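Quick notes on the structure that follows.
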Amino acid sequence: MMKKFLLTTILFAGTLMISNAQETWSLEKCIQYAQQNSLTMKQAEVGVENTRLTQKQNKMERMPSVNGDISGGYSFGRTIDPTTNTFRSQSRGTNGFGLGANVTLYNGGRINNSIEQSKIDVAAQKAETEDIANDISLSVAGAYLNILFSEEQLTNAKTRLAQTNEQLEQTNRLIQAGTLPENERLQILAQIAQDEQQVVLQENNVVINYLSLKNILQLEPDYDLKVQDPGDIPIPTDAAPELFKLTEIYNIALQNQPIIRAGELRIQSAGLDIDIAKSGKLPSVSLFGNLRTDYATGIPDFNNVKDQGTLGLSPGQNVQINGIDGSLAFYQVSGTTFGNRSYGDLLNENFGQSVGVSVNIPIYNKHRNEINMERARLGIISAEVGLEQNKQQLKADIQRAIADAKAAKKQLEAAEKTINALQAAYENTEKKFNLGAANTFEYTSAKNQVDLSRVDYIVSKYDYLYKLKIVDFYYGKKITL
């Protein structure tokens, strides 16, 4: 039993360790996750669903509308007797049922144009959502590269610290050999302290850059995330920013950038607003039909005699017939009572139907249609101006991306030349230092210059890579490493 318990405990602990293991994310996974969990993307997707609902509603306008009603009440005092259509002081309960249908046959093309417009609006909303996804991709790529950059800086700082410790050992040996004075050790110790500070600083930069990426990904700050190290990212050998042409990239971007496609669709949608507004000046034709039946209490059933009553002679009335006076009396029945009509019979007898066509001809409606048409024209102008603004901004962004890529390449080339020259000088100084021909200050200075040049090179490298990715983005290429 104890063995079984221990085995269960070990398996549970192993499972827990696996579940809490650090997860490594590639750039593609980060981009996909950010797009799926971004609040901005979720808001945009809600907008897409809203436009789809509008499209569905516009399509349903072609269908007839059917409505029913049920009424019930009680009247008292002086009311109209439904059997005699005369006023009587009588209390009466009433109940009625109705069903009406109406379908639009023609309304100036409003329904068809509204359906087409909502279809375009859905496409435009999708394009705008795609543009948001592209912005998120660039943000994730920038944060991802910042992490790789800071981790490379951290590795470089640790390497410098290790080299300085080796330098301390070499200095101790030279001091013991009498080649260097004792105070040379102090300068090395000071350099070790500075290198340790740089390690701490770069570790903090790694943490900060991870927090920035987690913020974009909508992850908790304590989530154990590790980006995938692609190794030494090579500089594309075929990249030639000096050959980038603004017109070429701009024309390509006009075809693949969703914000431009969205602007063009918005202009089409605004154009349909004019046709929809015009429909308000045209007649509309509708087909309607109605079913109705009513019931009221106290309606006598003349076929159901409860009491025959009595037959009597009415009082005589003096009359004159052909100049001869006389008296005229009538036999009349009094006290006759009838049963009430049944609920079902009354509903059946009062059941009525009607069908017809109605035509609504607009004559004057306070200039509402004219104002709507003018507003639609302004909507087209606004959409055209918005598209032109996006085009100009796109051109400016591409022009800046090209300039940044060119400048970044020149910086990288300069940094590479600098590090090569300083590395050669450092190796020469190191040889002199090992032979005791150079003091610690000279050796440390040469080493610091090489280290700084390495930092500049790493900065230039990642800056150039990111600038190339931005240009690739305008070419319509997928953002990958």
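The values are calculated or read from the model by the stated rules, or taken from the named source; none is laboratory data. As the structure is a computational prediction, the values presented were derived from the model and not from experiment. Note that we place each Cβ from the backbone using ideal geometry, even for glycine, and neighbour counts take in every protein chain shown.
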Next item on the list: Evaluate the range 131-138: report whether one residue or more is farther than 30 Å from PRO234 by Cβ and within 30 Å of the chain's Cα centre (by Cα).
Entry: yes
Next item on the list: Return a yes/no flag: does the range 251-273 have any residue that is out of contact with any helix residue (DSSP H, G or I) (no Cβ under 9 Å at 6 or more places or on another chain) and loosely packed, with under 15 Cβ neighbours inside 10 Å.
Entry: yes
Next item on the list: Inspect all residues belonging to the range 388-398 and state whether any of them is among the hydrophobic types (A, V, I, L, M, F, W, C) and under 30 Å from GLU182 (Cα atoms).
Entry: no
Next item on the list: Check GLN194 against each of (1) assigned to a helix (DSSP H, G or I); (2) in contact (Cβ under 8 Å) with a residue 24 or more places away in the chain; (3) not aliphatic (A, V, I, L, M) and name the one condition it does not meet.
Entry: (2)
Next item on the list: Could you identify the single residue in ALA425, ALA421 that is farther than 22 Å from ASP195 by Cβ, modelled with pLDDT of 85 or more and of a type in the set (A, V, I, L, M)?
Entry: ALA421
Note to self: Tell me which strands (runs of 3 or more DSSP E) are completely within the range 305-389 and hold 1 or more residues being among the small types (Gly, Ala, Ser) and in contact (Cβ under 8 Å) with a residue 60 or more places away in the chain, or say none if there are none.
What the structure shows: 352-360
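Results for (1) modelled with pLDDT under 90; (2) of a type outside the set (Val, Ile, Thr); (3) not in a helix (DSSP H, G or I), shown as yes or no for each residue.
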| site | (1), (2), (3) |
| --- | --- |
| LYS119 | no, yes, no |
| ALA123 | no, yes, no |
| GLY142 | yes, yes, no |
| SER150 | yes, yes, no |
| GLN167 | yes, yes, no |
| ARG173 | yes, yes, no |
| THR179 | yes, no, yes |
| ALA190 | yes, yes, no |
Notebook entry, point to check: Checking GLY436 against (1) under 30 Å from ASN172 (Cα atoms); (2) buried (at least 20 other Cβ atoms within 10 Å of the Cβ), which single condition isn't satisfied?
Noted result: (2)
Notebook entry, point to check: Under 9 Å by Cβ, and 6 or more places apart or on different chains, what pairs join a residue from the range 25-50 that is over 14 Å from SER139 (Cα atoms) with one that is β-branched (Val, Ile, Thr) and part of a helix (DSSP H, G or I)?
Noted result: GLN43/ILE132; ALA44/THR129; ALA44/ILE132; GLU45/THR129; GLY47/THR129; VAL48/VAL122; VAL48/THR129
Notebook entry, point to check: Can you tell me which residue in the range 195-208 is farthest from the chain's Cα centre (by Cα), limited to those that are surrounded by 14 or more Cβ atoms within 10 Å (Cβ to Cβ) and polar (S, T, N, Q)?
Noted result: GLN198
Check: What do you reckon, is VAL385 of a type in the set (A, V, I, L, M), over 30 Å from ASN102 (Cβ atoms) and either under 60 Å from the mean Cα position of the chain (by Cα) or at pLDDT 85 or above (or both)?
Finding: yes
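Rundown of residues vs (1) surrounded by 11 or more Cβ atoms within 10 Å (Cβ to Cβ); (2) not acidic (Asp, Glu), yes/no style:
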position	(1), (2)
PHE330	no, yes
GLY339	yes, yes
GLN353	no, yes
GLU374	yes, no
ARG377	yes, yes
LYS391	yes, yes
LEU394	yes, yes
ASP397	yes, no
ALA401	yes, yes
Next item on the list: Answer yes or no as to whether ARG92 is over 38 Å from the mean Cα position of the chain (by Cα) and crowded, with 17+ Cβ neighbours inside 10 Å.
Entry: yes
